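Read-outs throughout are calculated quantities, based only on the coordinates presented, and are distinct from any laboratory measurement. Quick caveat: nothing in here was measured; it's all calculated off a predicted structure. When we count neighbours, we look across all protein chains shown, and the Cβ atoms used for this are built from the backbone with ideal geometry, even at glycine.
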Amino acid sequence: MTIVLGIESTAHTFGVGIVSDEPPYILADARRQYVPEKGGILPREVAHFFSRVAGEVVGEALSQAGLRMGDVDAIAVALGPGMGPALRVGATVARALALHFRKPLVPVNHAVAHIEVARFTTGLEDPVALYVAGGNTTVVSFQGGRYRVFGETEDIALGNLLDTFAREVGIAPPYVVKGMHAVDICAEGGSFLEEALPYVVKGQDVSFSGLLTAVLKLYRKGYKLSDLCYTLREIAFSMVVEVTERCLAHTGKKAVTLTGGVAANKVLNEKMDSMARLHGAIYKPVDVKYSGDNGVMIAITGLAAYKAGVTIDPRRAFIRQRWRIDEVDLPWYPWMPGR
Ligand SMILES: Nc1ncnc2c1ncn2[C@@H]1O[C@H](COP(=O)(O)OP(=O)(O)OP(=O)(O)O)[C@@H](O)[C@H]1O
Ligand SMILES: [Mg+2]
C-alpha cells in the first residue's frame, strides 16, 4: 500500500489530504479557507493566514487518517500555478516535512490536480475536461503525454467574472451560500435581456471582460438586477459549453467532465449534460466535495505521479506562479487508484 499526503496552498485554501492506492482511498481531507471581510483576497494576508493554520491542518489530517508522519510514503505539494506568497507557505511546509521525515517530495500542478480528482471521482478514464474556477477557464484533453489546451480565457476566469460582478453590484461577499453562487440566487425570477451583449468566442478562446463591463454599464443604467444576473450567467456559461463542445467534436472522445470551483453550479451542469447528450457522450462532473480547492486532489495526483516515479529534490522544489497545465508530462495517465 502506498500513502501520500498532499498540500494545497495556491489561492484561498490551505488544504491537506491523505490518500492511499487501496480502498477507501481517501483517508483525510482537512482544510481552512481564507475569507476576506470585504473585497478581493490580498496575497500577503492569505500567506499570513496560511502560516498560522498550516500546522493544525497537517495535524488534523493525520488524526482523521489515524496515521503518523512515519506511515506516509511521500509528500505531494502544489507548486503552482497560483499566488506567490500563498504558494510559498505550502512549499515551505512540504519541503520541511520531506527533509525532516526523509520522505520523497512530489511536485503537483494545481490545474492538473483539478482534472485528476475529476477523473478519480467520476471514474471517467479519458474525458474532455472543462476546468472553471476563480483563476482558470480552460478546456483540456489528454493527447501525446500531456493535457492539451483546446481553449481558454483571454482575460478573466469564469469564477472571477461571477465574483467580480457580484461584488460590484453589492450582492457579495460571501460569494457562495449553501452551494449557490450569489449570481444564481439573484438570477431567480430573472429573464434573458434582449440587449446585444458581448458573446465572445474567438477561435477556441473566450473573453469575459467585455461582457463584465457591458453588464455593469446596464446595472448603472438601472436595469433589474435579477435580469442582469440571469443574462450574464446564460451568456458566460453558453460560451464555455460551446468551446467544450468543439473540443469533444474534434477529439471524438466519448466522455466529458466538469471541474474547478464553478463545477458546483447546477445551471452549468445542466448545460454540460445536454451538450454531452447531443454527442452521445457520457457526462459526469467532479464530486462536488472536491470541486473547490482541496488537499485531496493534490494527494491523488501526487500518488499517481509518485507511483510513476515523479519526485523532486526538496532543495529544488521552487514555486511556479505561472506553471501551465500543458507543460506537465503525465507518465501515469490514465492510471487512477482503484483501476
Ligand atoms: N455553486 C457555484 N456556482 C458558481 N461558482 C461557484 C460555485 N461555488 C464556487 N464557485 C466559484 O468557484 C471559484 C473558486 O474555485 P476554486 O476553489 O477552484 O478556486 P481557485 O483556486 O481560486 O481557482 P483556480 O483553480 O483557477 O486557481 C470562485 O470563483 C467561486 O465563486
Ligand atoms: Mg482551484
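Cysteines without a disulfide-compatible partner in the chain, using Cβ under 4.7 Å as the rule?
Cysteines of the chain left without a disulfide-compatible partner: Cys247.
Over segment 217-317, what is the relative contact order in percent, taking alpha-carbon pairs closer than 8 angstrom and at least six residues apart?
23
Based on the mean of other beta carbon atoms within 10 Å per residue, what is the order of 209-216, 283-290, most packed first? Provide the component values of the computation, followed by the final result.
Values: 209-216: 17.5, 283-290: 19.2.
Ranked by mean Cβ neighbours within 10 Å, highest first: 283-290, 209-216.
When the helices in the chain are scored as -39500 (n - 2.57) per DSSP H run of 4 or longer and the sum is shared across all residues, what 222 nm value do you end up with, to the nearest 500 deg cm²/dmol?
Mean residue ellipticity, 222 nm, calculated: -13000 deg cm²/dmol.
Between His48 and Phe192, what length comes free when the chain is fully extended (0.36 nm per residue of separation minus the Cα-Cα distance, one decimal in nm)?
My answer for the length gained is 47.6 nm.
Obtain the nm distance between the two label points defined at Ser63 and Glu270 by a simple spin-label model: each point lies 7 Å from its Cα along the Cα-to-C-beta direction.
Roughly 4.3 nm, to one decimal.
Provide, for q = 0.17, 0.26, 0.27 Å⁻¹, the log10 of I(q)/I(0) from a solvent-free Debye sum over equal Cα point scatterers in segment 239-318.
Values returned for q = 0.17, 0.26, 0.27 Å⁻¹ are -0.79, -1.15, -1.20.
Can you tell me the length gained on complete extension of the stretch Ser209 to Ala308, counting 0.36 nm per residue apart and subtracting the Cα distance? Please list the in-between numbers first.
Details: separation 99, 0.36 × 99 = 35.64 nm, distance 4.03 nm.
Here the answer is 31.6 nm.
Dimensions of segment 124-283 along principal axes (Cα, Å, largest first)?
Projected onto the principal axes, the Cα atoms of segment 124-283 cover 50, 32, 27 Å.
How much net charge surrounds Arg95 when only other residues with a Cβ under 11 Å from its Cβ are counted (Lys, Arg +1; Asp, Glu -1)?
Numbers: positive: Arg88, Lys103, Arg315, Arg316; negative: Asp313.
With Lys, Arg at +1 and Asp, Glu at -1, the neighbours total +3.
Hey, what does the equivalent ellipsoid look like for the chain, semi-axes from the Cα gyration tensor as sqrt of 5 times each eigenvalue, largest first, whole Å? Spell out each step's value before the answer.
On the way: eigenvalues 232, 107, 53 Å².
The equivalent ellipsoid of the chain has semi-axes of 34, 23, 16 Å.
For the pair Glu125/Glu22, report the inter-label distance in nm, with labels modelled 7 Å from Cα in the Cβ direction.
2.5
Quote to one decimal, in nm, the extra length available between Leu99 and Arg277 on full extension: 0.36 nm per residue of separation minus the C-alpha distance between them.
Working it through step by step, the gained length comes to 59.1 nm.
Starting from the Cα of Lys217, draw a straight line to each of the lysines and keep only those under 24 Å, dropping any in the same chain fewer than 8 residues away.
Counting by Cα, and skipping residues close in sequence, Lys217 has these lysines nearby: Lys38, Lys202.
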